[in-house]
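The values are calculated or read from the model by the stated rules, or taken from the named source; none is laboratory data. Computed from a predicted structure; not experimentally measured. Quick reminder, even Gly has a Cβ in these numbers, built from the backbone with ideal geometry, and neighbours come from all protein chains shown. Keep in mind that these areas ignore ligands, DNA and RNA; they rest on the heavy atoms of the full protein, side chains included. Shrake-Rupley method; radii C 1.70, N 1.55, O 1.52, S 1.80 Å.
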Amino acid sequence: MVGWPALARALCARYGVRAPIVQAPMADAVDWRVAAGTARAGVLGSIPCATLAPDAIAPAAQNFRENTPEGAPLHLNFFTTHDAAAPTAARQERWMEELAPYYKETGATPPSNAELVATNGRASFDEAACAAVEAVRPDIVSFHFGLPEDALLDRVRATGASVWCTATTVDEAKALSGRVDVIIAQGAEAGGHRGSFLGDCYVKPPLIGTMALVPQVVDAVSVPVIAAGGIGDGRGVVAALALGASGVSVGTAFLRAEDALINEGHRTALESSRDEATVVTNVYSGRPARGFANRLVRELGPISPVVPEFPWASTAVKPLSTASGEFHGSRWAGQAAAIASPRGDGEAVAAW
């Protein structure tokens, strides 16, 4: 901790970690195992809860605590999709019409109407999730896509947890100021879903680069700022801290961890990645997210106005993802994948 700048040392001291680095909470790609391995290395581990059933949160937290040093901070992350009402039948029909040629080509079986309105486990933070937080009492609770309603947020704060949230613009950071303890400034280079929550962010996602976004957010708010996006080695850490960030969030590098949940196709894509390999698309989930381009993304997107809102698009695409390699599912990754350590564990990242 000694060699870090003052803001980074303060963050480390506040949350009890040795390095001002956060393992990004990547839903469906990592679980408590990667978070625990990260924590054992002195980096802040994160458990993604966006696709966990509420009754699975406590076991994940218990596993984390049993496999980390005493006092290692427990960080839980949630989605807050306020507009997650099911799309109209007409919109779903339009989306299925768009996908029809691909179903014909692959012979895949289209989902039923009932399946089309399933949430795919990507539920917004709600009463049940909040009750799970109250039972677990984590050290940090972070949110993606904005904050939950005030009543739920007040209950989270009452547990003693520190509240974090993602911002992708200065305006979003200002909207969070005074309501959170830490802001994660997510630049355009970041892999996975954009955390945007203001404006027409479904089809016009703000894509401000990390190195431009971070100093402007730092100047606009009074809370610590975590830089996220395009940080694949120690050079990125140094650059972010020099711009006033208190720490950095690293995601794509941890996808190569032994315990990561991604498939072999995703691992192969990471190993052969280059600077132009990823693109921001809404085709797979309904929300803009950065991942490896493929035929479906190139032909239907990358941003399509006919895709139903998050999370309602993915059920229609999933059968195509499993039917043919050309239409493989979402393989999220950031622009710095090519320079990330092939080890992908907490020790490797902490050594940056």
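Antiparallel DSSP bridges in the chain: what percent, to the nearest 5?
For the chain, the DSSP antiparallel bridge percentage is about 20.
How big is the dipole moment of the chain about its Cα centre under a simple scheme where the beta carbon of each Lys and Arg is +1, that of each Asp and Glu is -1, and everything else is neutral? Debye, nearest 20, please.
580 debye
Using the Kirkwood radius built from alpha carbon pairs, what does the Stokes-Einstein equation give as D for the stretch 127-232 at 20 °C and 1.002 mPa s, in µm² per second?
151 µm²/s
Expressed as a whole number of Å, what is the distance separating the alpha-carbon centroids of the stretch 184-214 and the stretch 225-301?
Between the Cα centres of the stretch 225-301 and the stretch 184-214 lies a distance of 13 Å.
Using the Cα centre as the reference, give the magnitude of the dipole from point charges on the C-beta atoms of the stretch 152-300 (Lys, Arg: +1; Asp, Glu: -1; all else neutral), rounded to the nearest 20 debye. Before the final figure, lay out each step's value.
Details: 14 positive and 15 negative charges, 52 e Å.
With only Lys, Arg, Asp and Glu charged at Cβ, the dipole is about 260 debye.
Looking at the calculated P(r) for the stretch 23-175, what percent of the C-alpha pair distances fall above 21 Å?
53 percent
Measure of size requested: the Rg and Dmax of the chain, with Cα atoms as the atom set and Å as the unit; please supply both.
That works out to 19.3, 61 Å for Rg and Dmax.
What is the spin-label model distance, in nm, from Arg9 to Asp171 if the labels are put 7 Å beyond Cα along the C-beta direction?
Distance between the two pseudo-spin positions: 3.9 nm.
Along the positive direction of the dipole of the chain (beta-carbon charges: Lys, Arg +1; Asp, Glu -1; about the Cα centre), which of Thr315, Ala338, Ala56 reaches farthest?
Ala338
So which GluC sites (Glu not before Pro) in the stretch 58-151 pass both tests, a DSSP loop state and at most 16 other Cβ atoms within 10 Å of the Cβ?
Numbers: sites: Glu66, Glu70, Glu93, Glu97, Glu98, Glu105, Glu115, Glu127, Glu134, Glu149; in loops: Glu70, Glu149.
The qualifying sites are Glu70, Glu149.
Which three lengths, in whole Å and largest first, does the stretch 252-311 cover when its Cα atoms are put on their principal axes?
Projected onto its principal axes, the Cα set of the stretch 252-311 covers 37, 23, 16 Å.
How long are the three semi-axes of the equivalent ellipsoid for the stretch 52-108, computed from the Cα gyration tensor as the root of 5 times each eigenvalue, in whole Å, largest first?
They are 42, 17, 9 Å, listed largest first.
Which residue, Phe197, Cys165, Pro215, has the largest displacement toward the positive end of the dipole of the chain when charges sit on each Cβ (Lys, Arg +1; Asp, Glu -1)?
Of the candidates, Pro215 comes out farthest on the positive side.
Please give the length that would be gained between Glu347 and Asp259 if that part of the chain were fully extended, namely 0.36 nm times their separation in residues minus their C-alpha to C-alpha distance (nm, one decimal).
Values: separation 88, 0.36 × 88 = 31.68 nm, distance 1.37 nm.
Between Glu347 and Asp259, full extension yields 30.3 nm more.
Determine the per residue accessible area of the stretch 159-265 with all protein chains present and a 1.4 angstrom probe, expressed in square angstrom.
About 34 Å² of surface per residue is accessible.
Could you state, as a whole-number percent, how many of the C-alpha pairs of the stretch 1-77 are farther apart than 18 Å?
The share of Cα pairs beyond 18 Å in the stretch 1-77 comes to 38 percent.
Go through the stretch 256-352 and name the GluC sites (Glu not before Pro) that are in a DSSP coil and have 12 or fewer other Cβ atoms within 10 Å of their Cβ. It would help to have the intermediate numbers written out before the result.
On the way: sites: Glu258, Glu264, Glu271, Glu276, Glu299, Glu309, Glu326, Glu347; in loops: Glu258, Glu276, Glu309.
Counting only loop positions with at most 12 other Cβ atoms within 10 Å, the GluC sites (Glu not before Pro) in the stretch 256-352 are Glu258, Glu276.
Under a point-charge model restricted to the Cβ atoms of Lys and Arg (+1) and Asp and Glu (-1), what is the dipole moment magnitude of the stretch 50-129 relative to its Cα centre, in debye to the nearest 20?
On the way: 5 positive and 11 negative charges, 27 e Å.
Magnitude of the dipole: close to 140 debye.
Counting each DSSP H run of 4 or more residues in the chain as -39500 (n - 2.57), what helix-only mean residue ellipticity at 222 nm follows after dividing by all residues, to the nearest 500 deg cm²/dmol?
-10500 deg cm²/dmol
Summarise the accessible area of the chain (1.4 Å probe, protein heavy atoms) by the percent that is carbon and sulfur.
Ligands and nucleic acids excluded, carbon and sulfur give 51 percent.
For Lys204, list the lysines whose Cα falls under 26 Å from its own Cα; do not include residues on the same chain fewer than 8 positions away.
Partners within reach: Lys174, Lys318.
What value does the stretch 170-226 have for Rg/Rh, both radii from Cα atoms and Rh as Kirkwood defines it?
Result: Rg/Rh = 0.94.
If you average the sequence gap of Cα pairs under 8 Å that are 6 or more apart and divide by the length of the stretch 147-237, what percent do you get for the contact order? Mind dumping the intermediate values first?
On the way: 140 pairs, mean separation 27.4, N = 91.
It comes to 30 percent, rounded to a whole number.
Got a sec? Charge dipole of the chain, +1 on Cβ for Lys and Arg, -1 for Asp and Glu; which of Val30, Val250, Gly291 is way out at the positive end?
Val250
How much length, in nm to one decimal, is gained on full extension between Ala135 and Ala158, taken as 0.36 nm per residue of separation minus their Cα-Cα distance?
Once the chain is fully extended between Ala135 and Ala158, it gains 7.1 nm.
Can you give me the Kirkwood hydrodynamic radius for the stretch 222-261, using every pair of distinct Cα atoms, in Å to one decimal?
10.9 Å is the Kirkwood radius here.
Roughly what would the spin-label model give for Ala86 and Ala100, points 7 Å off Cα along C-beta, in nm?
Modelled inter-label distance: 2.2 nm.
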